[in-house]
1. Let me confirm something: among 53, 82, 49, 10, which residue is among the small types (Gly, Ala, Ser), touching a Phe, Trp or Tyr at 6+ places or on another chain (Cβ under 8 Å) and modelled with pLDDT of 90 or more?
2. Is at least one residue of region 129-138 assigned to a loop (DSSP other than H, G, I, E, B) and more than 13 Å from the chain's Cα centre (by Cα)?
3. Within region 50-71, which residues are open to solvent by less than 20 Å² (accessible area, probe 1.4 Å) and in contact (Cβ under 8 Å) with a residue 60 or more places away in the chain?
4. Return the pair list, or none, for Cβ contacts closer than 7 Å from residues in region 1-24 that are surrounded by fewer than 21 Cβ atoms within 10 Å (Cβ to Cβ) to residues that are of a type in the set (Ser, Thr, Tyr) and in a loop (DSSP other than H, G, I, E, B), at least 6 apart or on different chains.
5. Could you tell me how many of the residues in region 174-190 are open to solvent by 40 Å² or more (accessible area, probe 1.4 Å) and within 30 Å of residue 6 (Cβ to Cβ)?
6. Grab the helices (runs of 4 or more DSSP H) fully contained in region 1-59, keeping just those with 2 or more residues being among the acidic types (Asp, Glu).
7. Condition test on residue 119, is it modelled with pLDDT of 90 or more, assigned to a helix (DSSP H, G or I) and surrounded by 14 or more Cβ atoms within 10 Å (Cβ to Cβ)?
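The values are calculated or read from the model by the stated rules, or taken from the named source; none is laboratory data. It should be emphasised that the depicted structure is a prediction, and the values quoted were computed from it without experimental measurement. FYI the Cβ positions are ideal-geometry reconstructions off the backbone, even for glycines, and counts take in every protein chain you see. Just the protein is used for accessible areas: all its heavy atoms, side chains included, with ligands, DNA and RNA removed. Shrake-Rupley method; radii C 1.70, N 1.55, O 1.52, S 1.80 Å.
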Amino acid sequence: MEYIIIFIVAVFVNNVVLSQFLGICPFLGVSKKVETSIGMGAAVTFVLAISTAVTYLLQKFVLDPFGLGYMQTISFILVIAALVQMVEIILKKVSPALYQALGIFLPLITTNCCVLGVAILVIQKEYNLLQSVVYAISTAIGFALALVIFAGIREQLAMTNVPKSLQGAPIALITAGLLAMAFMGFSGIGA
(Lines give C-alpha, C1' and ligand atoms only; values in the text may rest on other atoms or scores of the structure.)
Protein backbone atom coordinates (compact mmCIF):
# COMPACT_ATOMS: atom_id res chain seq x y z
CA MET A 1 0.00 0.00 0.00
CA GLU A 2 2.91 2.33 0.81
CA TYR A 3 4.28 2.04 -2.74
CA ILE A 4 0.87 2.77 -4.26
CA ILE A 5 0.65 5.96 -2.20
CA ILE A 6 4.16 6.97 -3.30
CA PHE A 7 3.10 6.36 -6.92
CA ILE A 8 -0.16 8.34 -6.74
CA VAL A 9 1.41 11.25 -4.86
CA ALA A 10 4.40 11.47 -7.24
CA VAL A 11 2.31 11.26 -10.43
CA PHE A 12 -0.69 13.40 -9.55
CA VAL A 13 -0.43 15.29 -6.25
CA ASN A 14 3.21 16.46 -6.28
CA ASN A 15 3.78 16.34 -10.02
CA VAL A 16 7.39 17.29 -10.52
CA VAL A 17 6.63 19.82 -13.28
CA LEU A 18 3.25 21.21 -12.31
CA SER A 19 3.68 21.32 -8.53
CA GLN A 20 7.41 21.41 -7.83
CA PHE A 21 8.46 23.29 -11.01
CA LEU A 22 11.38 20.99 -11.82
CA GLY A 23 11.99 20.18 -15.47
CA ILE A 24 10.30 23.29 -16.84
CA CYS A 25 12.81 23.74 -19.70
CA PRO A 26 12.01 20.44 -21.45
CA PHE A 27 8.36 20.84 -20.46
CA LEU A 28 8.10 24.07 -22.45
CA GLY A 29 10.72 23.27 -25.10
CA VAL A 30 9.93 19.69 -26.14
CA SER A 31 6.17 19.81 -25.77
CA LYS A 32 5.16 21.07 -29.20
CA LYS A 33 4.37 17.57 -30.54
CA VAL A 34 2.97 14.55 -28.73
CA GLU A 35 5.39 12.25 -30.54
CA THR A 36 8.50 14.03 -29.24
CA SER A 37 6.94 14.33 -25.78
CA ILE A 38 6.49 10.57 -25.58
CA GLY A 39 10.16 10.07 -26.56
CA MET A 40 11.35 12.54 -23.96
CA GLY A 41 9.10 10.98 -21.31
CA ALA A 42 10.48 7.51 -22.03
CA ALA A 43 14.08 8.71 -21.95
CA VAL A 44 13.53 10.58 -18.66
CA THR A 45 11.90 7.50 -17.10
CA PHE A 46 14.85 5.32 -18.07
CA VAL A 47 17.55 7.74 -16.88
CA LEU A 48 15.68 8.81 -13.74
CA ALA A 49 15.32 5.23 -12.49
CA ILE A 50 18.98 4.41 -13.05
CA SER A 51 20.39 7.68 -11.76
CA THR A 52 18.26 7.67 -8.62
CA ALA A 53 19.42 4.17 -7.72
CA VAL A 54 23.08 5.01 -8.33
CA THR A 55 22.99 8.36 -6.51
CA TYR A 56 21.16 6.76 -3.58
CA LEU A 57 23.89 4.13 -3.27
CA LEU A 58 26.57 6.82 -3.62
CA GLN A 59 24.98 8.84 -0.83
CA LYS A 60 24.51 5.90 1.57
CA PHE A 61 27.81 4.09 0.97
CA VAL A 62 30.27 6.87 0.11
CA LEU A 63 29.13 10.36 1.04
CA ASP A 64 27.46 9.64 4.40
CA PRO A 65 30.06 7.20 5.84
CA PHE A 66 32.99 9.48 4.96
CA GLY A 67 31.27 12.71 6.05
CA LEU A 68 31.17 14.12 2.53
CA GLY A 69 27.53 15.23 2.55
CA TYR A 70 28.56 18.69 1.38
CA MET A 71 29.70 17.09 -1.92
CA GLN A 72 26.20 15.78 -2.67
CA THR A 73 25.14 18.20 -5.41
CA ILE A 74 28.38 18.19 -7.39
CA SER A 75 28.81 14.42 -7.11
CA PHE A 76 25.19 13.81 -8.16
CA ILE A 77 25.64 16.09 -11.19
CA LEU A 78 28.79 14.22 -12.22
CA VAL A 79 27.14 10.82 -11.74
CA ILE A 80 24.06 11.83 -13.74
CA ALA A 81 26.18 13.22 -16.59
CA ALA A 82 28.35 10.09 -16.63
CA LEU A 83 25.31 7.80 -16.55
CA VAL A 84 23.67 9.59 -19.45
CA GLN A 85 26.88 9.29 -21.46
CA MET A 86 27.22 5.59 -20.58
CA VAL A 87 23.60 4.90 -21.50
CA GLU A 88 24.11 6.71 -24.79
CA ILE A 89 27.25 4.70 -25.63
CA ILE A 90 25.68 1.37 -24.61
CA LEU A 91 22.49 2.05 -26.58
CA LYS A 92 24.52 3.01 -29.64
CA LYS A 93 26.32 -0.37 -29.52
CA VAL A 94 23.53 -2.66 -28.30
CA SER A 95 20.39 -1.18 -29.85
CA PRO A 96 21.01 1.31 -32.64
CA ALA A 97 17.26 1.51 -33.33
CA LEU A 98 16.48 2.59 -29.76
CA TYR A 99 19.45 4.95 -29.84
CA GLN A 100 18.05 6.58 -32.99
CA ALA A 101 14.57 6.72 -31.47
CA LEU A 102 15.81 8.51 -28.34
CA GLY A 103 18.22 10.61 -30.39
CA ILE A 104 18.50 14.14 -29.03
CA PHE A 105 16.58 13.34 -25.85
CA LEU A 106 19.42 11.58 -24.03
CA PRO A 107 21.83 14.56 -24.07
CA LEU A 108 18.95 16.86 -23.08
CA ILE A 109 18.33 14.80 -19.95
CA THR A 110 21.79 15.69 -18.62
CA THR A 111 20.58 19.26 -18.14
CA ASN A 112 17.09 18.33 -16.90
CA CYS A 113 16.90 19.59 -13.32
CA CYS A 114 14.13 17.06 -12.66
CA VAL A 115 16.73 14.26 -12.58
CA LEU A 116 18.94 16.03 -10.05
CA GLY A 117 15.92 17.19 -8.06
CA VAL A 118 14.53 13.67 -7.65
CA ALA A 119 17.96 12.31 -6.66
CA ILE A 120 18.17 14.89 -3.88
CA LEU A 121 14.50 14.54 -2.86
CA VAL A 122 14.76 10.80 -2.18
CA ILE A 123 17.63 11.49 0.21
CA GLN A 124 15.70 14.28 1.94
CA LYS A 125 12.58 12.11 2.26
CA GLU A 126 14.76 9.34 3.75
CA TYR A 127 13.41 6.66 1.42
CA ASN A 128 15.06 3.26 1.22
CA LEU A 129 16.41 2.01 -2.14
CA LEU A 130 13.16 0.39 -3.32
CA GLN A 131 11.07 3.39 -2.27
CA SER A 132 13.55 5.65 -4.06
CA VAL A 133 13.30 3.74 -7.31
CA VAL A 134 9.48 3.61 -7.09
CA TYR A 135 9.42 7.35 -6.42
CA ALA A 136 11.80 8.02 -9.34
CA ILE A 137 9.76 5.95 -11.80
CA SER A 138 6.52 7.47 -10.54
CA THR A 139 7.92 10.97 -10.85
CA ALA A 140 9.09 10.22 -14.39
CA ILE A 141 5.63 8.90 -15.28
CA GLY A 142 4.11 12.09 -13.85
CA PHE A 143 6.59 14.14 -15.86
CA ALA A 144 5.74 12.23 -19.04
CA LEU A 145 2.00 12.50 -18.37
CA ALA A 146 2.18 16.27 -17.93
CA LEU A 147 4.41 16.58 -21.00
CA VAL A 148 2.10 14.53 -23.24
CA ILE A 149 -1.07 16.29 -22.06
CA PHE A 150 0.58 19.68 -22.54
CA ALA A 151 1.82 18.70 -26.01
CA GLY A 152 -1.67 17.52 -27.00
CA ILE A 153 -3.16 20.82 -25.90
CA ARG A 154 -0.46 22.77 -27.75
CA GLU A 155 -1.10 20.76 -30.93
CA GLN A 156 -4.78 21.67 -30.68
CA LEU A 157 -3.94 25.32 -30.01
CA ALA A 158 -1.79 25.41 -33.15
CA MET A 159 -4.94 24.71 -35.18
CA THR A 160 -7.05 27.40 -33.50
CA ASN A 161 -7.25 31.13 -34.00
CA VAL A 162 -5.31 32.46 -31.01
CA PRO A 163 -5.12 36.27 -30.71
CA LYS A 164 -1.80 37.58 -32.03
CA SER A 165 -0.75 39.00 -28.65
CA LEU A 166 -1.12 35.53 -27.04
CA GLN A 167 0.56 33.41 -29.72
CA GLY A 168 3.69 31.46 -28.79
CA ALA A 169 5.03 31.64 -25.25
CA PRO A 170 2.11 33.57 -23.67
CA ILE A 171 -0.53 30.97 -24.57
CA ALA A 172 1.87 28.17 -23.62
CA LEU A 173 2.37 29.66 -20.15
CA ILE A 174 -1.36 30.25 -19.69
CA THR A 175 -2.02 26.65 -20.71
CA ALA A 176 0.67 25.37 -18.33
CA GLY A 177 -0.92 27.38 -15.50
CA LEU A 178 -4.35 25.95 -16.25
CA LEU A 179 -2.90 22.44 -16.40
CA ALA A 180 -1.19 22.98 -13.02
CA MET A 181 -4.51 24.15 -11.57
CA ALA A 182 -6.20 21.04 -12.95
CA PHE A 183 -3.63 18.83 -11.23
CA MET A 184 -4.26 20.71 -7.97
CA GLY A 185 -7.59 18.91 -7.89
CA PHE A 186 -5.71 15.77 -6.87
CA SER A 187 -4.17 17.46 -3.80
CA GLY A 188 -6.45 15.75 -1.29
CA ILE A 189 -5.64 12.21 -2.47
CA GLY A 190 -2.27 11.65 -0.82
CA ALA A 191 -3.07 13.30 2.50
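1. Exactly one residue qualifies, and that residue is 10.
2. Among the residues of region 129-138, not one is assigned to a loop (DSSP other than H, G, I, E, B) and more than 13 Å from the chain's Cα centre (by Cα), which makes the answer no.
3. Within region 50-71, 51, 52, 55, 59 meet the criteria.
4. 13/187
5. Residues that pass the stated criteria total 9.
6. Where helices (runs of 4 or more DSSP H) fall fully within region 1-59, none carries at least 2 residues being among the acidic types (Asp, Glu).
7. Judged against the criteria, residue 119 is a match.
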